[in-house]
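Some notes on the structure that comes next.
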Amino acid sequence: MYADPILRLIQELTKLPGIGEKTAERLVFHLLTQPKEDGLRLSEAIRDLKEKVRSCGTCYNITEADLCEICANAQRDHALVCVVEQSKDLWAIEKSGAYRGVYHVLHGHLSPLDGVGPENLTIGRLVERIRKGGIREVILATNPTAEGDATAFYLQKTLGAVGARVTRIARGLPAGSSFEYASRTIVSDALLGRREF
Ligand SMILES: [Zn+2]
């Protein structure tokens, strides 16, 4: 049987998506052959990720500061808010270069079967942002999945009730897909073709 530290790291690695026991073993034995500093740099990078990265105080994007670089940028259009499920969706939209507004990251989607309700997302904070005023349009860019659509529908009702102009991105993305995997052209077309409900 493996020594305890080896076993522990294998167990931790297999908790990551896409890593089975065989891959975890290969990674651990690779690390054993590497210089000590390399392994420690990896553990330090993971520590920094968990200790220094947090949510932006305004939009809930991941950041190292109180405000993310997008919220802190005066050149952006702060009256235009694009709502996404995850920070990775935000970065996919940023990469398209087609958007100059700001964002709101929900950190998930409504999923009653998994026990995820509106109170588990950052919806309350989004309502507060709108109530404060100064927001011209809210673009719902949740993913074109059943949960993403249900979340958009809920947001449209909730945000509409507080007086926001709410639009939904065009159906450019293939159904069931996510921004993460969409090309730049598809993302920018989806944004440009947005419609009011
Ligand atoms: Zn932000």
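The values are calculated or read from the model by the stated rules, or taken from the named source; none is laboratory data. Only a predicted model underlies this, so the values are computations on that prediction, with no experimental measurement involved. Note: ideal-geometry Cβ built from the backbone for every residue, glycine included; neighbour counts use all protein chains shown. Side chains are part of the model used for accessible areas, which takes the heavy atoms of the whole protein and leaves out ligands, DNA and RNA. Shrake-Rupley method; radii C 1.70, N 1.55, O 1.52, S 1.80 Å.
Using +1 on the beta carbon of Lys and Arg, -1 on that of Asp and Glu, and nothing else charged, what's the dipole of the chain about the Cα centre, debye to 20?
Computed about the Cα centre, the dipole is about 600 debye.
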key: Within segment 34-177, percent of DSSP bridges classed antiparallel, to nearest 5   = 20
task = Please grab the % of Cα pairs in the chain that end up more than 32 Å from each other.
result = 30
message = Once the convex hull of the alpha carbons of segment 4-52 is built, what does its volume come to per residue, in cubic angstrom?
response = 80
task = Please compute the net charge surrounding LYS88, taking Lys and Arg as +1 and Asp and Glu as -1 over other residues with Cβ under 13 Å from its Cβ.
result = -3
note = Taking every other residue with Cβ under 9 Å from the Cβ of THR63 and scoring Lys and Arg +1, Asp and Glu -1, one gets -2
Area accessible to solvent at SER188, 1.4 Å probe radius, in Å² = 20
query = Simple spin-label model, 7 Å along Cα-to-Cβ: ASP48 to ALA98 in nm?
reply = 3.4
request  = Can you tell me the dipole magnitude for segment 88-197 around its Cα centre, using point charges on the Cβ only (Lys, Arg +1; Asp, Glu -1), in Debye to the nearest 20?
outcome  = 500
message = Please give the charge dipole size of segment 4-52, origin at the Cα centre, charges +1 on K and R Cβ atoms and -1 on D and E Cβ atoms. Round to the nearest 20 debye.
response = 100
note = Short to long, in 10 Å steps from zero, the percent of alpha-carbon pairs of segment 96-197 per bin is 15, 48, 33, 4
task = Give the relative contact order (percent, whole number) for segment 71-197; include only Cα pairs under 8 Å separated by 6+ residues.
result = 28
inquiry  = Once you place label points 7 Å from the Cα toward the Cβ at ALA65 and ARG184, how far apart are they in nm?
reply    = 2.6
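If I take every Cα pair under 8 Å that is 6 or more residues apart in segment 16-98, average their sequence separation and divide by the length, what percent do I get for the relative contact order?
12
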note = Taking Lys and Arg as +1 and Asp and Glu as -1, residues besides HIS78 with C-beta under 12 Å from its C-beta add up to +3
ask   = Roughly how many Å is it from the Cα centre of segment 73-120 to that of segment 20-71, as a whole number?
value = 22
note = Once amide hydrogens are built 1.01 Å from N within the peptide plane, the residues lying 5 or more places from LEU140 or on another chain with amide H under 5 Å from its amide H are VAL83, THR167, ARG168, ILE169
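Per DSSP H run of n ≥ 4, the term is -39500 (n - 2.57); total these for the chain, divide by its residue number, and report the mean residue ellipticity at 222 nm rounded to 500 deg cm²/dmol.
About -13000 deg cm²/dmol.
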query = Which three lengths, in whole Å and largest first, does segment 31-103 cover when its Cα atoms are put on their principal axes?
reply = 52, 25, 22
